[in-house]
Amino acid sequence: MADEAEIFSQLKQAVMEGDEDVAVAAAQAAVAAGVDPQRAIIEGLAAGMAEMGRLYEREECYVPELLVSSEALYAGLGVLRPLVIASGKAEKKGVAVIGVVQGDIHDIGKNLVKMMLEVNGIEVHDLGRDVDMERFITATQETQADLLCLSALMTTTMIAIKDYMPAFKTQLPGVKIMVGGAPLNQQLADEWGADGYGENAVEAARVAVRLLETK
Amino acid sequence: MWRETMTSGERMAALMRGERPDRVPVIPFLSGHAAVVCGQPIARISDDAEESFRCQLLCQEMYGHDGSPLYAYASAGGWEFGGEIEFPVKKYSGAVIVTRTPIQTEDDVYTLKVPEDVSKAGALPIALALARKQAEHGLPITLQIGAPLTWAGSVIGEERMMGWLIKKPELVHIVLDKVSQFLIKVAEHYVKEFGAERLLAFHGAATETNKLISPKQFETFSLPYLQRINQACLGLGVGSYFIHICGEQNKNLKFWQQVPMTKQTVISVGREVDLTTVMELFPEQIVAGNVDPTLIQEGRAEAVLAQCRECIEKAMYHKGGFVLMAGCDVPPHAPPVNVFQMVKAAREYGRY
């Protein structure tokens, strides 16, 4: 179907250009043309975001562009996702809980990781920022999450991750734990017993998918 | 046995004159840590000028470092323009955070007011009280004059501002203009109260990192306002500057070169920026850096010492002078013995 390819291209382009209106219009066009909404998401919106991720990794775009693209992505998803859910055909690779640790309110990175996880078909429960250990544990248990993602931007608050880890290990058996944020690195993630670390949102999503595949 | 032949004050004065002191000066970059080692809540560093000054001075005495007390924090701007902040009172909190930005909507940009009396705006009364203590003790008098985009982020909200850089750039420029007006007024106030000669104007440039914005965005949104503020300060006779180029800013460095500054300017960089690069780009200025704060927090003393040595050996003979410094604020609960490694390294490996 020629129209389908055209619609996918429009969705992808709308995300890459950060144009919410075009994303909504293209999503509505997809619905009107009877395009499978799940495919419209994957081959249109998510493909655009994946391309932005590649540009980000090559330092050809930066956080402002990613954020604007994510707004367009969510605008398009607002049209298409309810249809996928209603169809009962929603596929998910896993469930993740994400949040910024106690004492920290820097959440741009966390929001980008959340978005990239969703783009990769992971259901994400976002606890927001300034999240204490108990809330992480309760939310992970309640949602039966496979993955727990912790973010900290400051050297002060990153210590929370280190402190939380023993309780996570005992109270959340089988849950994969990922960490990230400016002051962290792979070595600290390993030392503290995390299962994964992402230097940026794109990498984090890649690691998350890998962890879920090997779970 | 080698002994120091200068006091901290003499050492820093020699550095600022472009002379070689007895050893590499050390400004560890301590804020909350100074409160912790004095048994005080971290918040005292930012909410109480008297206690902040006392803790910082005692901490300097204990470590034997060369950084005199100052007042600054990274999220400045939000409170000054009418927002709300929270001092670091919660568990794991290490710095002031903006809990409600003055700008919530696009309309707020147009109604945002530059405070009439800067001396009463936000944290300025505390900063000025600490400055008076600096004056009493004959120390450099520090004033925070930016960086403007970081301030604008605290006024607008970081994430909102990131989106506006693309979609509503004119709104960001309006805020940057008002922030610049405010910061220049602050500089004028300090000059009037303390005189220009002893002032040390400080930029903390965090939002400018290339982890967030592109070099092109830096050129568009940061550089013109940095130039405007520094030009105004130079016009007021402020001769000394301290510019903390926080985090990954390698692609911004060529633009930082275009910011007006004197030789008496300390260019401080994070671990992400190589000291050699900074030395090449700023041959006349004092280069400072760049011990990894995460290493100071989590590493063993031996590893911290080794990294300090590496920094010293790389930069101690820089033409403009060198200060051993952490790449960013030392975590408040860093092991004191790790912080001390900076002074130890300067004494061992940084003798001139």
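Can you put A:Trp192, B:Trp151, B:Trp256 in order, fewest other beta carbons within 10 Å first?
Taking fewest neighbouring Cβ atoms as first place, the list is A:Trp192, B:Trp256, B:Trp151.
Scan around B:Ala326 for amide H atoms under 5 Å from its own, H built in the peptide plane at 1.01 Å from N, and keep only partners 5 or more places away or cross-chain.
Under 5 Å from the amide H of B:Ala326 lie the amide H atoms of B:Phe29, B:Val291, each far enough along the sequence or on another chain.
For the range B:110-171 and the range A:89-107, write down the distance between their C-alpha centroids in whole Å.
33
Which of the peptides B:225-232, B:339-346 is most tightly packed, and how do the rest follow, judged by the mean count of other Cβ atoms within 10 Å per residue?
Going from most to least packed, we get B:339-346, B:225-232.
Return the sequence-ordered ³J(HN,Hα) values of the range B:175-181 in whole Hz as given by the Karplus equation 6.51 cos²θ - 1.76 cosθ + 1.60 applied to θ = phi - 60°, using x for Gly and Pro.
Ordered by residue, 3J(HN,Hα) equals 5, 4, 5, 5, 4, 5, 4 Hz.
Highest first, please rank the peptides A:31-40, B:312-321 by the mean number of other Cβ atoms sitting within 10 Å of their residues.
With the highest mean Cβ count within 10 Å placed first, the list reads B:312-321, A:31-40.
Taking amide hydrogens as modeled 1.01 Å from N in the peptide plane, which residues meet the under 5 Å criterion relative to A:Val97, leaving out close sequence neighbours?
A:His125, A:Leu147, A:Leu148, A:Cys149
For B:Glu197 and B:Gln231, what is the calculated FRET efficiency with R₀ set at 25 Å and r taken between the beta-carbons, to the nearest 0.05?
0.85
Within a Cβ distance under 13 Å of B:Ala334, other residues only, what is the Lys/Arg minus Asp/Glu net charge?
Cβ neighbours under 13 Å give a net charge of -2.
With a cut-off of 8 Å between alpha carbons and a minimum separation of six or more residues, what is the relative contact order of the range A:94-213 in percent?
29
From largest to smallest, what semi-axes in whole angstrom does the protein assembly as shown give when each is the square root of 5 times an eigenvalue of its alpha carbon gyration tensor?
43, 27, 21
Which ³J(HN,Hα) values, rounded to whole Hz and listed in residue order, are derived for the range B:334-341 from phi using the Karplus coefficients 6.51, -1.76 and 1.60 in 6.51 cos²θ - 1.76 cosθ + 1.60 with θ = phi - 60°, glycine and proline given as x?
Here the 3J(HN,Hα) series is 4, x, x, 5, 5, 4, 4, 4 Hz.
What net charge is computed for the residues neighbouring A:Tyr74, neighbours being all others with C-beta under 11 Å from the C-beta of A:Tyr74, Lys and Arg scored +1, Asp and Glu -1?
It works out to a net charge of -1.
On full extension of the chain, what length is gained from A:Asp21 through A:His125, given 0.36 nm per residue of separation minus the C-alpha to C-alpha distance?
34.8 nm
With the contact rule set at Cα under 8 Å and sequence spacing of 6 or more, what percent relative contact order holds for chain B?
Taking the mean separation of contacting Cα pairs over the length of chain B, I get 19 percent.
Hey, how much of the P(r) for chain A falls beyond 32 Å, as a percent of Cα pairs?
20
Structure shown: which of A:Lys12/B:Lys168; A:Lys162/B:Lys211; A:Lys110/B:Lys344; A:Lys162/B:Lys90; A:Lys92/B:Lys167 lie over 28 Å apart, alpha-carbon to alpha-carbon?
Where the Cα-Cα span goes over 28 Å, the pairs concerned are A:Lys110/B:Lys344; A:Lys92/B:Lys167.
Which Cys in the protein assembly as shown stand alone, with every other cysteine's Cβ at 4.7 Å or more from theirs?
A:Cys61, A:Cys149, B:Cys59, B:Cys233, B:Cys246, B:Cys308, B:Cys311, B:Cys328
Can you tell me the dipole magnitude for the protein assembly as shown around its Cα centre, using point charges on the Cβ only (Lys, Arg +1; Asp, Glu -1), in Debye to the nearest 20?
Result for the protein assembly as shown is approximately 1380 debye, rounded to the nearest 20.
Go ahead and estimate [θ] at 222 nm for chain A from helices alone: -39,500 (n - 2.57) per DSSP H run with n ≥ 4, summed, over the residue count, rounded to 500.
It comes out at -18000 deg cm²/dmol, rounded to the nearest 500.
To make sure I understand, if each residue's beta carbon is the centre and we count other beta carbons within 10 Å, what order do B:Arg100, B:Arg3 fall in, fewest to most?
B:Arg3, B:Arg100
Using modelled backbone amide H atoms (1.01 Å from N, in-plane), which distant-in-sequence or interchain residues come within less than 5 Å of B:Lys211's amide H?
Close amide H contacts, sequence-distant or interchain: B:Glu248.
222 nm [θ] for chain B, helices only, -39500 (n - 2.57) per DSSP H run of 4+, per residue, to 500?
Only helices count here, giving -13500 deg cm²/dmol.
Using the Karplus curve 6.51 cos²θ - 1.76 cosθ + 1.60 with θ = phi - 60°, work out ³J(HN,Hα) for each residue of the range B:133-142 in order, rounded to whole Hz, and write x for Gly and Pro.
5, 4, 5, 4, 8, x, 9, x, 9, 9
Give the distance, in whole Å, between the Cα centre of the range B:78-93 and the Cα centre of the range B:224-276.
What the calculation gives is 26 Å, centre to centre.
In which sequence would B:Ser46, B:Ser8 go, from the one with the fewest C-beta neighbours within 10 Å to the one with the most?
Listed from fewest to most nearby Cβ atoms, that is B:Ser8, B:Ser46.
Considering Cα pairs under 8 angstrom that are at least six residues apart, work out the relative contact order of chain A and quote it in whole percent.
Rounded, it is 17 percent for chain A.
Roughly what angle does helix A:2-17 make with the longest principal axis of chain A, taking Cα atoms, 0 to 90 degrees, to the nearest 10?
50
Each value in this text was obtained by applying a stated rule to the coordinates, not by laboratory testing. Just so it is clear, the model here is predicted, and its values are computed rather than measured. Using ideal geometry, Cβ is built from the backbone for each residue, glycine included, and neighbour counts are taken over all protein chains shown.
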